[in-house]
Every structure is written in C-alpha cells, then in structure tokens.
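The values are calculated or read from the model by the stated rules, or taken from the named source; none is laboratory data. Not measured: the values here are computed from a predicted model. Backbone-built Cβ (ideal geometry, glycine too); neighbour counts: all protein chains shown.
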Amino acid sequence: MNSLRIDCNEKQKEVLKLEGDAYDSYEDGFENALQQIRVLYPDIDLSGADSMMRVLRGRIVDPLDKAPFGVVTSAGSRTQTEH
C-alpha cells in the first residue's frame, strides 16, 4: 500500500510539472506572436494584449467572467450581448 501512495505522489508531481511546462510553452508562443506583430506593425499599441483573454463578438473579454446580462470587457464596462 505504501508503494502505491509513493507512486501516486510521483505521478502528481509529474502532472504538475507537465502543466507548468504547457503553460510556459503557451506564454512563450503568445509572446512570440506579439513580437512578430511588432515587426510587421511597429507603431501598433499592444498594451491591451493578454494571453488569458479571448475575442468574442469583436471585443476582448475575460473567458472566466460569467456576466449574466452582457459581456464585461477588459476595461470593465458592461456591454449588451448581441443576439
């Protein structure tokens, strides 16, 4: 039984490391994309870019926000959802 517990703990450590590696890779890819955009469009303002946000109906939104009657943009203003 003790060997199963040790094996489970090792697997949990491995999963946490893989999750961290995946996150780091995602962030590196996002930063690489921003760098390419800066080369193509040197005057563009990318200060609002955030790897955790999503585009929904032409707006940058937090995918974790559960606004019931609209979409809360990254600026915090509530907008009416389109039907």
Suppose we filter segment 29-48 for residues that are among the charged types (D, E, K, R) and surrounded by fewer than 10 Cβ atoms within 10 Å (Cβ to Cβ); how many remain? 2
Quick one: would you say residue 20 is at pLDDT 90 or above, among the small types (Gly, Ala, Ser) and exposed (fewer than 11 other Cβ atoms within 10 Å of the Cβ)? yes
Within segment 55-77, restricting attention to residues that are among the basic types (Lys, Arg) and exposed (fewer than 12 other Cβ atoms within 10 Å of the Cβ), which residue is modelled with the highest pLDDT? 57
